[in-house]
Each structure stands twice: as C-alpha cells, then as structure tokens.
Amino acid sequence: MMGRMLTQPVLPLLPDGAGEIAPGVGLLAGEDGGGLVIVHGLAVFAWDGGDEAGRRLAAVQLVRLRAASQARVAEVFGVDPATVWRWDRALAGGGVAGLVPARPGPKGASKLTPELAARIAGLDAAGQTLRQIAAATGVSTFTVRNALGRVPAGDGASGRDHAADEGAAAGRAGGGLPVLPDPVPRGGERALARQGLLGEGAGPVFTPGARYPLAGLLLALPALEDTGLLECAREVYGKLRNGYYGLAVTLLTLVFLALAGEPRAEGATRVPPGALGRVLGLDRAPEVKTIRRKLAELAAAGKAADLIMALARRHAAARPEALGFLHVDGHARAYYGTRKVQKTRIARLKFPAPATEETWVADQDGDPVLMVIAEPSDSLAGELRRLLPSLREIAGQGRRVTVCFDRGGWSPALFADIRAAGFDLLTWRKGPAPDVPPETFATVTCADDRGREHEYDLADTTAGLEINEGPRKGQQVTLRQVTRRVPARGGGTRQIHVLTSRADLTAGEVCWRLSSRWREENYFRYARTRFALDALDSHAATPDDPERLIPNPAKKTAAAQVRRAAALAQAAEASRDARLLELRSPPPGTASIITNQALNRINAPAETAWRELEEAERAAAAIPARTRLGDITPDMARLETEVKQITHAIRMAAYNTETTLARALNGRYARAGDEAYALIREALVTSGDIIPGNGELLIRLDPLTAPRRTSALAVICDQLNQAQASYPGADLVLRYEVKNHPGPA
C-alpha cells in the first residue's frame, strides 16, 4: 500500500528547515539530535535525541519503502552506504533490537575484584612471577601488574596484551584517547567526487585516537620529503583528473604500501584499507582497482622518464657529496609470461631467458639515482654512451664525476668518448693482457669510506689501448692501470687489472672504489626481495619494431659450421701427416716406394677438407651480422614500460626513505650494522596514537619488541622532530614521540 502511495504526485513543499532527501521526502533535524522524516507531507518516522536505534530504523525503512536510494539516505544520515546495508541486515536478523548499538569497552564486569586483587598480592608475596600469577588466577599479566600497581601512569596502552585486559576502562588509552575511533565521515566529498565537483582530491583530516595500526608509516614523511617524490610528480604531471583520491594521496598510498612490505598494487588486498586510510587522513585508502586506474592515468601521460630524471636531479641537489662516483650497471628483469619477448642473458640464472633490460645508475653509497629502459640487444657500452648527456645534466657542468662499470662496458672507443664528455672512468680490464713483472708489486694498506681496513698486493703502471671501431679508429687511449695480485684457485697467483683515468687517487683507493660497485648489486638484491624490483606491474605489451636490427641467428649457425669445418680440416691434415710419416719410415729391412699417385691419394682428404673450410668461411662472411626483426620473429612483443618506470620511481623513493632512516642509527645504535633495516621495518608498521591540534600532528608510537630498539626509535624521533616537516596537503607540523617500554613480565 505504501509502495503505491509513493507514486502519487509530490506535494510541492517541505516544512521550514527540512533538508530534502528525495522529491517529496525530507528530514527535519532537531537540536537535541532527534529527527523527523516527512514523506509526501506526512510525518512517517520520528526519534528522540540519543535514540540511535530509532534513527537507524528510519534510515532502513526509507530504503525499504523505496522513498530514496541507499546512497542518498547514507549521505543525509552521515554514514557510508555499506553502513545502511549493515543496519538493514541487523534489522532483518534481530528486529529493532538488532539496531541497538553495542556497548563500547568491556562487555562484562571487571574480573579484578577486591578478592582477586588480594589473592594476586598474596601470590606475589610468595615470590611467584607475573606469568605464574596470571596462570593461577586466569587473567592477563597486564591485569596482574595493574593489581600490583606496577603500570606506569598514562602508559596503559603500551602493554602488548592490553586487548585481553578486562580492566581497560571504556576502551580508553593514553590520556583518554578513544581507541580506533571512526574516521571523519567523508560521504559528502565522495558524492562531489562522483560528480566531478570535488576538485583535485580530498584533503587529510585526522581524528584523535589511540592504537592506530600502521601509525609508524608516518615516520617516513620527513625522509620522503627529502626525496622530492611528491614535488617532482607535481612538476611533471600537474594533477590527476578530479576525484576523491588526488595525486599526492595516490603516491603516498603506494609508498606506504611499499614500506609496509606490500610494494605491488595487489598488496592493497592484504592491508586493511581503513587502517591505511587513517594514516592518510581519509576514511579509507584506495584499493587495487583504483590504484591501477590511477597508475594507468599517469602512464597515459607518457612522462615516466621525466619523473625519474626530476628525482635524479633532486637527489643530486640533496646529496652532492655522493655523486663523485657513479656506478652504472645493467639489470635484466626476467619475464615468465606467454608473450614472445627477446631473450637476454640473466647473470643470476646463468642462462638466457625472456627479459627486459634496464640500465641503473647509483651513487657512491649504492643508492639508486636513475634508471632507463635499455634498448633490446644493446650492450652496456652502448647504453653508457647514450647516458652520458643525462649524467652531465644530473651532475651539473664542471663537476668531476667518475663513472664506474664492469667488463660489460669494455670498449676503448667508449673510454675515449667518456673522457671527451668530461668524465673520468673506472673499470676492469677485459681480455688477455700481459702480466706485470713481479718486482713492481708492493703491499698497500688503506681504509675505505666506511672505515674498513683493506690490504692489497698492487702494481701501478699505464696501458695503451688501440681503438678498432668508430670514428676514432686507429687512435690510442692511454689509461692508468692498477694491477692486483691474488691467489689462484689451482695454486700460485693471478693478476687482475683495473683501468682508470684518475691519477690523483692512491692505488688502494682505486681498488676499493671499484669493489664498491657491489653496493649497487646489493640494492638489486634487496629491492628484489623487499620492493618487488622485478614484478610485472602491468600486463600490457606492444608489438616490437619489425625494422629493428638484431643479431642474425644465421651468423651463429654459419660460425658453428666454420668451426666444424676447421676441426675436420685439422683432423684430415693430422691423418695425412701420420700416413706420410709411416711411408717415409718403413720398418727395418723393408722398402717403401712413394709414387705421385700414392701422394695424391693421401693428400686428397686433407685438400677436400680445406676447400670445405674455405667455402664455409666465404659463406659466413657473406651473411650480414644483423638482420630485421620482422624477418625472424614478426610476432615479437615489448612489455609495457611506462607503468614500470612509475613504480620504479616510487620504490626508489621508498628505498631511499628507508635507507635515510636506517643511516640515522649509525653511531647511535650498537647493532646498526646488522639490525638497522630490520629495526626500521618494524618501526614503520608499529601502532601508535595520532593526535592533531595546535598546528601540529603528534604521532606517539607504541614501544618496539625490545627495549634497545625502543630507545633507538626514540633517537630517530628526536632527529625527525628537528626537521620540522609538515604532513603533505595539511598545515600540520609532524612531531614524534615513543611510549616507554613496559617492564619485564
């Protein structure tokens, strides 16, 4: 009957002060929190202030009567549509009683009665431990400490087992803060975002509360500000399309996910969106579908390389002292999908496999500075030559920079190009080289930039290298050669040669500087494990260029035929020589007659083998070294690169952020060399209180798993407080504290 009544013509007016929910449907709110719902001029539902069950019943009935949509009712009542849906389920399952809010805090009387407190005191006087007393009385160790008066004032939230403590009053902790309060309702902003009217995105709004999960992620903000990720992204991309989640929130979400151990977009399914949303200052964080859509929007702009370059310039400006030596190396990202992707040799697998080649540049500490997608089939030498202008732009004109690389970049022509571009070089010598006389070696002892002592057996000479390719063909490049003598596996010694253009460095520093190239390899290993360096962040692919020239596989086949023909020719010649020797050296007492016919028969197989070798060599020389890709594999594909470069930029910033926090422990934590990164990872996912007010955002973190770690975290907080950093998008200065570590149980 009511369903038919709602199809009548709508009365034109609602009472004064009533807000419209739908045509003919309005809500008149009272000053005491009560309300009255009017439908087509009739008062249908009413509730008094404090009658939460009546308010929820009115909302559910409006949806059931189809007087308004669920989304519109939720917006007017200040909740999410999912909340209205839960109210509907509660009404269906338990009637109006199901709509009564559950009592907050402990659901029953406290177990800590006077009789129990007296028993606990007696057991403590008998010398039992807190754990023994807790087991005997059936309560938690926190309750035992509370009964004995051993809980520090204002530090009740620091106990790890507080959730089981029946004595926690009304769900309050740490100075009366509510535990995990509901975030500020953002239904209105979401409605505006759906209509494209919100603008760039919702701003952060924080609710004071205790025990926020992932509150430790806010430790990363000052160090993240130093990387310049948000500023560089603003310069490159401007802003995203109007929506609830803006550019800064999207990037912060991805950085926080990476620091929380879930660097891929799919990792958002394993992090509660409400928990992550609280540290973002929102009601909930974007989820997988939204993150992918935002990444696709950024990728469509085609500016990922510009973002990485902007980050590299920011890195150079923030840490100019680390750019004296730049380590350049290639990295193969293996592909295990079904598309045809060009194979390349993957060093850690020790065999060729489908992969995408990347070229990375790290500073002298091993921190990533720049990465570019390498051209398929291009060598490290070719990539180095292509990178020289970018490296000069990053370092600045006139700055002395030494480029360090391994044997993959060996090319005397490249060495001359590096010198001509104003760079120095440091690399291993490749290929056979004459040994240095033993009398030129001397024992050298030195210390590296981290204070570690090294002892080398070195010889310091020079080497001249002929250039056999390119426009400098026929010229010679002369470099300093430092030779290191080391024990050989089979006994004795062997010599390892290092080439450099730096004459001002000591021989010992030349050696440990080049050995420091492994710091970049350590980054690759750590990033593969912690930051999904090789993850396939996009399943898109594009057809490869059919006109691209690739190594001709027929050349390899022809070379194998030449080697086989050469082996056969040598075998035939050896057989001929053995036969001739037999004829010319007959046994004693016998005669041997050698005729021209016999010689021709003996020479025939060898002559035939040599002719076949000459034909194989001519055929191999006639085959071009490179051929069109379309003539070999026309269906070859290239993996999508824009999304991958964007995620690389975000994860580089996350890694540099984590590294900055870890290095803050140097000299302040005895186990920093072994535990710094593990401590930072624990601190970033710890819980804590978030308290906005007075122009600042106070983050009071819960203690870590060990007192020494809690003390180290307090040191980091003191350093971060000196930075006076602000929360992105809000005029709130970040201030950090750590709660006292609880005493032993």
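Just a yes or no: is a residue in the range 451-460 part of a loop (DSSP other than H, G, I, E, B) and either open to solvent by 60 Å² or more (accessible area, probe 1.4 Å) or within 17 Å of LEU514 (Cα to Cα) (or both)?
Checked against the condition, which is being part of a loop (DSSP other than H, G, I, E, B) and either open to solvent by 60 Å² or more (accessible area, probe 1.4 Å) or within 17 Å of LEU514 (Cα to Cα) (or both), the range 451-460 yields at least one hit.
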Discussion item. Any residue at all in the range 704-725 that's in contact (Cβ under 8 Å) with a residue 40 or more places away in the chain and basic (Lys, Arg)?
Written reply: no
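Consider THR657 carefully, then state whether it is at pLDDT 95 or above, open to solvent by less than 20 Å² (accessible area, probe 1.4 Å), assigned to a helix (DSSP H, G or I) and not acidic (Asp, Glu). First the steps, then the outcome.
Values: at pLDDT 95 or above: yes; open to solvent by less than 20 Å² (accessible area, probe 1.4 Å): yes; assigned to a helix (DSSP H, G or I): yes; not acidic (Asp, Glu): yes.
Yes: the conditions hold for THR657.
Are any residues in the range 320-333 closer than 21 Å to ASP406 by Cα and out of contact with any helix residue (DSSP H, G or I) (no Cβ under 7 Å at 6 or more places or on another chain), and if so, which ones?
Answer for the range 320-333, where residues must be closer than 21 Å to ASP406 by Cα and out of contact with any helix residue (DSSP H, G or I) (no Cβ under 7 Å at 6 or more places or on another chain): ALA322, GLY324, ALA332, ARG333.
Looking at the range 681-696, can you tell me whether even one residue there is of a type outside the set (Ser, Thr, Tyr), under 30 Å from VAL715 (Cβ atoms), in a helix (DSSP H, G or I) and open to solvent by 20 Å² or more (accessible area, probe 1.4 Å)?
Keep residues of the range 681-696 that are of a type outside the set (Ser, Thr, Tyr), which gives 681-685, 688-696.
Imposing the further condition that a residue be under 30 Å from VAL715 (Cβ atoms) reduces the set to 681-685, 688-696.
Adding the requirement that they be in a helix (DSSP H, G or I) leaves 681-684.
Checking which are open to solvent by 20 Å² or more (accessible area, probe 1.4 Å) leaves us with 681-682.
The answer is yes; a qualifying residue exists.
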Worksheet item: With respect to ASP406, is the statement that it is under 12 Å from ASP329 (Cα atoms) and either touching a residue at least 60 places away in the same chain (Cβ under 8 Å) or out of contact with any strand residue (DSSP E or B) (no Cβ under 6 Å at 6 or more places or on another chain) (or both) true?
Response: yes
Worksheet item: Of all residues in the range 43-75, how many are open to solvent by 50 Å² or more (accessible area, probe 1.4 Å) and outside any helix (DSSP H, G or I)?
Response: 9
Worksheet item: So which residues in the range 474-500 are open to solvent by 20 Å² or more (accessible area, probe 1.4 Å) and of a type in the set (Ser, Thr, Tyr), if there are any at all?
Response: THR478, THR493
Worksheet item: What single numbered condition from (1) open to solvent by less than 20 Å² (accessible area, probe 1.4 Å); (2) touching a residue at least 40 places away in the same chain (Cβ under 8 Å) fails to hold for GLU521?
Response: (1)
Practice prompt. Could you list all residues from the range 114-157 that are outside any helix (DSSP H, G or I) and either modelled with pLDDT under 75 or surrounded by fewer than 11 Cβ atoms within 10 Å (Cβ to Cβ) (or both)?
Written response: ALA126, GLY127, GLY138, LEU148, GLY149, ARG150, VAL151, PRO152, ALA153, GLY154, ASP155
Worksheet item: What pairs come up if the first residue lies in the range 248-268 and is within 20 Å of ALA678 (Cβ to Cβ), the second is in a loop (DSSP other than H, G, I, E, B) and open to solvent by 10 Å² or more (accessible area, probe 1.4 Å), and their beta carbons are under 7 Å apart, counting only those six or more places apart or on different chains?
Response: LEU257/PRO263; LEU257/VAL271; ALA260/LEU214; ALA260/VAL271; ALA260/VAL685; GLU262/VAL271; PRO263/ALA532
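Which of the residues spanning the range 262-284 are crowded, with 22+ Cβ neighbours inside 10 Å and either β-branched (Val, Ile, Thr) or touching a Cys at 6+ places or on another chain (Cβ under 8 Å) (or both)?
First, pick out the residues of the range 262-284 that are crowded, with 22+ Cβ neighbours inside 10 Å: 263, 265, 268, 276, 278-283.
Across the range 262-284, the qualifying residue is only VAL279.
Can you name every residue in the range 623-649 that is outside any loop (DSSP other than H, G, I, E, B) and either open to solvent by 50 Å² or more (accessible area, probe 1.4 Å) or among the hydroxyl-bearing types (Ser, Thr, Tyr) (or both)?
Going residue by residue through the range 623-649, those that are outside any loop (DSSP other than H, G, I, E, B) are 626-632, 637-639, 642-649.
Matches in the range 623-649: ARG626, THR627, ARG628, ASP631, ILE632, ARG638, THR647.
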Worksheet item: Quick check, is GLY216 small (Gly, Ala, Ser) and at pLDDT 95 or above?
Response: yes
Discussion item. Checking PRO471 against (1) more than 30 Å from GLU547 (Cβ to Cβ); (2) surrounded by fewer than 16 Cβ atoms within 10 Å (Cβ to Cβ): exactly one of these is not met. Which one?
Written reply: (1)
Practice prompt. Go through ARG548, ARG584 for me and flag whichever is among the charged types (D, E, K, R) and open to solvent by less than 40 Å² (accessible area, probe 1.4 Å).
Written response: ARG548
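Taking the residues in the range 717-733 that are touching a helix residue (DSSP H, G or I) at 6+ places or on another chain (Cβ under 6 Å), open to solvent by less than 50 Å² (accessible area, probe 1.4 Å) and hydrophobic (A, V, I, L, M, F, W, C) as candidates, determine which candidate is farthest from ALA678 (Cα to Cα). I'd like the intermediate steps shown before the answer.
Our first condition is that a residue be touching a helix residue (DSSP H, G or I) at 6+ places or on another chain (Cβ under 6 Å); within the range 717-733, this holds for 720, 723, 725, 728-729.
Applying the additional criterion that residues be open to solvent by less than 50 Å² (accessible area, probe 1.4 Å) yields 720, 725, 728.
This time we only want the ones that are hydrophobic (A, V, I, L, M, F, W, C), so: 720, 725.
Numbers: LEU720: 19, ALA725: 24 Å.
The residue in question is ALA725.
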Worksheet item: Within the range 285-305, can you find the residues that are farther than 16 Å from TYR244 by Cα and surrounded by fewer than 17 Cβ atoms within 10 Å (Cβ to Cβ)?
Response: ALA296, ALA300, ALA301, GLY302
Worksheet, complete the sentence: Within the range 600-622, the residues that are surrounded by 15 or more Cβ atoms within 10 Å (Cβ to Cβ) and either under 20 Å from ALA559 (Cα atoms) or under 57 Å from the mean Cα position of the chain (by Cα) (or both) are ALA609, TRP610, GLU612, LEU613, ALA616, GLU617, ALA620
Worksheet item: Restricting the first residue to the range 445-457 and requiring it to be more than 18 Å from THR493 (Cβ to Cβ), which pairs with a second residue that is assigned to a strand (DSSP E or B) and aliphatic (A, V, I, L, M) meet a Cβ separation below 7 Å and a spacing of at least six or different chains?
Response: GLU453/ALA447
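How do the helices (runs of 4 or more DSSP H) wholly within the range 188-261 filter down when requiring 3 or more residues that are under 18 Å from LYS294 (Cα atoms) and open to solvent by 30 Å² or more (accessible area, probe 1.4 Å): which remain? So that I can check it myself, show each step before the final result.
Details: elements: 221-227, 229-237, 247-259.
Here the list reads 229-237.
Does GLN597 qualify as being open to solvent by 80 Å² or more (accessible area, probe 1.4 Å), assigned to a helix (DSSP H, G or I), out of contact with any Ser or Thr (no Cβ under 8 Å at 6 or more places or on another chain) and modelled with pLDDT of 90 or more?
On the way: open to solvent by 80 Å² or more (accessible area, probe 1.4 Å): yes; assigned to a helix (DSSP H, G or I): yes; out of contact with any Ser or Thr (no Cβ under 8 Å at 6 or more places or on another chain): yes; modelled with pLDDT of 90 or more: no.
No: the conditions fail for GLN597.
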Worksheet item: Is one or more of the residues making up the range 379-399 in contact with a strand residue (DSSP E or B) (Cβ under 8 Å, 6 or more places away or on another chain), surrounded by 20 or more Cβ atoms within 10 Å (Cβ to Cβ), closer than 27 Å to PRO634 by Cβ and not hydroxyl-bearing (Ser, Thr, Tyr)?
Response: yes
Response to the item:
PHE415 fails exactly one of (1) crowded, with 19+ Cβ neighbours inside 10 Å; (2) over 15 Å from LEU479 (Cβ atoms), namely (2)
Fill in: Pair list, Cβ under 7 Å, 6 or more apart: the range 6-22 residue within 11 Å of HIS40 (Cβ to Cβ) and at pLDDT 75 or above, other residue open to solvent by 70 Å² or more (accessible area, probe 1.4 Å) and outside any strand (DSSP E or B)
ALA22/ARG72
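Suppose we filter ALA322, ALA318, ALA312, ALA347 for residues that are open to solvent by less than 40 Å² (accessible area, probe 1.4 Å) and at pLDDT below 95; which single one remains?
Numbers: ALA318 fails: open to solvent by less than 40 Å² (accessible area, probe 1.4 Å); ALA312 fails: at pLDDT below 95; ALA347 fails: open to solvent by less than 40 Å² (accessible area, probe 1.4 Å).
None of the others qualify; the one that does is ALA322.
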Response to the item:
Output for Cβ contacts, cut-off 7 Å, separation at least six or different chains, first residue in contact (Cβ under 8 Å) with a residue 12 or more places away in the chain in the range 543-566, second among the hydroxyl-bearing types (Ser, Thr, Tyr), reads LEU549/THR627; ILE550/SER377; ILE550/THR627; PRO551/SER377; ASN552/THR627
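The values are calculated or read from the model by the stated rules, or taken from the named source; none is laboratory data. This one's a predicted model, so the numbers in the text were calculated from it and none came from an experiment. Here the Cβ is made from the backbone with ideal geometry for all residues, glycine too, and neighbour counts use every protein chain on show. With ligands, DNA and RNA removed, areas are computed over all heavy atoms of the protein, side chains included. Shrake-Rupley method; radii C 1.70, N 1.55, O 1.52, S 1.80 Å.
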